[in-house]
Amino acid sequence: MKRYFEHIIDHIMMVGIMKNILLVGGYPPPYGGITVHVQRLKQLLEDNGHKVIVLDLVGNTSEQSDHVIRVAGKNKLFTLVKSLIHVAYGKEEIVHFHTSAFGRFLYTAPFYLYFSRFKTKVITIHSGSFIDEVNRYGLLKRMLLRITITKFHKIVVVNDEQKKFLMKSFIESPDKIYVIPAFLPEKIDELQIRDEVKEKAEQIKKRNTKFILSSGFMQRYYGHHLVLQATEKIGQKLDTVICFYSSYDEAYRKELDDIRKGKENVHFFYDLSPNEFNYLMQHCDLYIRATDRDGDAVAIREALYLGKPVAASDCVVRPAEVTTFDRTNIKDMIDKIRVGLSKKSRAVGEDPGEKLKAVYGLLSREGSER
């Protein structure tokens with residue numbers, strides 16, 4: 001399979017096919033799994049000679065970025081109309097939609113499909129909870145999903161279970177579905193790292209302790225309190241860094257601040273850029289994720305790509321390299337953290353961006369043969 005993808009990529013690079021591509025979804029800020037993916041995908045495609053425009057449907061800022069059209073507003077109908085105009089009248093041959101687990105997109109997708117009916121359409125379903133969500137659908141919603149999803153030329157999902165699920169109930173042709181993790185690596189630019197982030201990594205290094213890193217929304221379901229409780233009970237010297245972003249529960253913030261009080265080996269960061277977070281990831285000894293629900297966590301993929309050991313809750317199927325634990329059992333969590341800390345960092349992994357380039361390569365190839 002890998003040799004097949006490499007052959008396709010080589011073919012496209014050889015013939016030099018450039019495509020105009022519209023990415024429809026979100027774009028930073030705010031920083032999150034999907035918005036960062038779209039940002040990195042835009043860069044990946046541009047680096048390979050494509051012309052890319054992003055249609056940002058979720059951003060809560062008017063901050064301008066190169067070739068990013070921000071249409072999100074308080075009036076959802078107005079946002080939809082503006083975005084449909086761009087989809088219909090833009091010059092892009094390929095429109096690539098990005099959704100979490102369909103959710104509200106299920107109701108707007110028919111409009112987007114109609115207004116892009118003369119274009120090639122790709123969709124990436126980012127969330128690992130997609131199957132659970134669809135299983136809660138009634139008959140009418142399942143019929144709408146079946147009608148809608150068959151209109152896309154290529155469908156990207158994040159795990160094999162989702163592909164099997166779609167093939168069983170919604171899609172007849174397996175050639176339309178690609179299993180590609182949502183993670184795309186980013187080259188770390190140390191010139192863009194603030195001094196306080198560099199100094200913290202250096203400080204931990206000098207303390208000669210094990211560096212544990214965790215991250216996520218400041219919401220209780222992320223289990224940050226469990227991470228702090230577990231690491232405090234481990235006998236060896238540890239420094240625990242938790243990076244929070246986007247969503248903040250103020251009552252939970254106070255709880256975490258109370259746990260941290262008086263502990264010099266517990267450190268919090270807020271709203272780091274992906275570049276800064278990856279810098280810390282590059283220096284850590286273990287990444288922990290203690291959520292009670294999850295998708296294909298980009299931070300886990302980031303850690304594995306950088307060769308870092310990962311310990312994560314077993315709330316969803318995790319990549320094979322991850323050490324999983326029962327987050328309701330603090331002893332099991334402690335034991336698995338110790339297992340993770342005993343592992344050594346590995347070499348940097350394979351870049352999953354190659355598979356995405358293959359999807360666009362195949363689309364370009366098909367387009368050139370019509």
(Q) Of everything in the stretch 280-305, what is modelled with pLDDT of 90 or more, hydrophobic (A, V, I, L, M, F, W, C) and in contact with a helix residue (DSSP H, G or I) (Cβ under 7 Å, 6 or more places away or on another chain)? Give them in sequence order. (A) Leu280, Met281, Leu286, Ile288, Ala290, Ala303
Q. With respect to the numbered conditions (1) open to solvent by 20 Å² or more (accessible area, probe 1.4 Å); (2) in contact (Cβ under 8 Å) with a residue 60 or more places away in the chain; (3) touching a helix residue (DSSP H, G or I) at 6+ places or on another chain (Cβ under 7 Å); (4) not in a loop (DSSP other than H, G, I, E, B), which one is the sole condition not fulfilled by Phe277?
A. (3)
**Q.** In the stretch 228-270, the residues that are on the phi > 0 side of the Ramachandran plot and in contact with a strand residue (DSSP E or B) (Cβ under 7 Å, 6 or more places away or on another chain)
**A.** Ser246
Q | Residue count for the stretch 134-191, restricted to those that are within 23 Å of the chain's Cα centre (by Cα), polar (S, T, N, Q) and outside any helix (DSSP H, G or I) | A | 1
(Q) Condition first: open to solvent by less than 40 Å² (accessible area, probe 1.4 Å) and part of a strand (DSSP E or B). Now tell me which residues in the stretch 230-249 satisfy that. (A) Leu238, Asp239, Thr240, Val241, Ile242, Cys243, Phe244, Ser247
Q | Residue list for the stretch 38-70, restricted to those being in contact with a strand residue (DSSP E or B) (Cβ under 7 Å, 6 or more places away or on another chain) and in contact (Cβ under 8 Å) with a residue 60 or more places away in the chain | A | Val38, Leu41, Leu45, His50
Q) Ala109: touching an Asp or Glu at 6+ places or on another chain (Cβ under 9 Å), in contact (Cβ under 8 Å) with a residue 12 or more places away in the chain and open to solvent by less than 10 Å² (accessible area, probe 1.4 Å), yes or no? A) no
Q.
Condition first: open to solvent by 40 Å² or more (accessible area, probe 1.4 Å), in a loop (DSSP other than H, G, I, E, B) and closer than 19 Å to Lys176 by Cβ. Can you find one or more residues in the stretch 81-103 that meet it?
A. yes
(Q) surrounded by fewer than 16 Cβ atoms within 10 Å (Cβ to Cβ) and either modelled with pLDDT of 90 or more or more than 22 Å from the chain's Cα centre (by Cα) (or both): which single residue out of Lys308, Lys336, Lys331 fits that description? (A) Lys331
**Q.** Residues (open to solvent by 10 Å² or more (accessible area, probe 1.4 Å), within 21 Å of Arg338 (Cβ to Cβ) and assigned to a loop (DSSP other than H, G, I, E, B)) located in the stretch 284-305
**A.** Asp285
Q. Of the residues that sit in the stretch 122-133 and are in contact with a helix residue (DSSP H, G or I) (Cβ under 9 Å, 6 or more places away or on another chain) and either buried (at least 21 other Cβ atoms within 10 Å of the Cβ) or in a loop (DSSP other than H, G, I, E, B) (or both), which one is modelled with the lowest pLDDT?
A. Gly128
Q | Residue that is nearest to Glu276 (Cα to Cα) [pool: residues in the stretch 201-229 that are of a type in the set (Phe, Trp, Tyr) and part of a helix (DSSP H, G or I)] | A | Tyr222
Q | Ser345 vs. criteria among the small types (Gly, Ala, Ser), open to solvent by 20 Å² or more (accessible area, probe 1.4 Å), modelled with pLDDT under 90 and touching a Lys or Arg at 6+ places or on another chain (Cβ under 7 Å) | A | yes
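Listed here are the residues, each with its yes/no results for (1) at pLDDT 95 or above; (2) touching a helix residue (DSSP H, G or I) at 6+ places or on another chain (Cβ under 9 Å).
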site	(1), (2)
Arg220	yes, yes
Leu226	yes, yes
Ala230	yes, yes
Lys237	no, yes
Ile242	yes, yes
Tyr245	no, yes
Tyr248	no, no
Lys254	yes, no
Phe269	yes, yes
**Q.** Matching entry among Leu184, Leu226 (being touching a Gly at 6+ places or on another chain (Cβ under 6 Å), open to solvent by less than 60 Å² (accessible area, probe 1.4 Å) and in contact (Cβ under 8 Å) with a residue 40 or more places away in the chain)
**A.** Leu184
Q | Tally, over the stretch 229-263, of residues that are touching a residue at least 40 places away in the same chain (Cβ under 8 Å) and more than 17 Å from Pro309 (Cβ to Cβ) | A | 4
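The values are calculated or read from the model by the stated rules, or taken from the named source; none is laboratory data. No experiment lies behind these values; they were computed from the predicted model shown. No Cβ is skipped: glycine too gets one built from the backbone with ideal geometry, and neighbour counts run over all protein chains shown. For the accessible areas, the whole protein counts, side chains as well, though only heavy atoms, and no ligand, DNA or RNA atoms are used. Shrake-Rupley method; radii C 1.70, N 1.55, O 1.52, S 1.80 Å.
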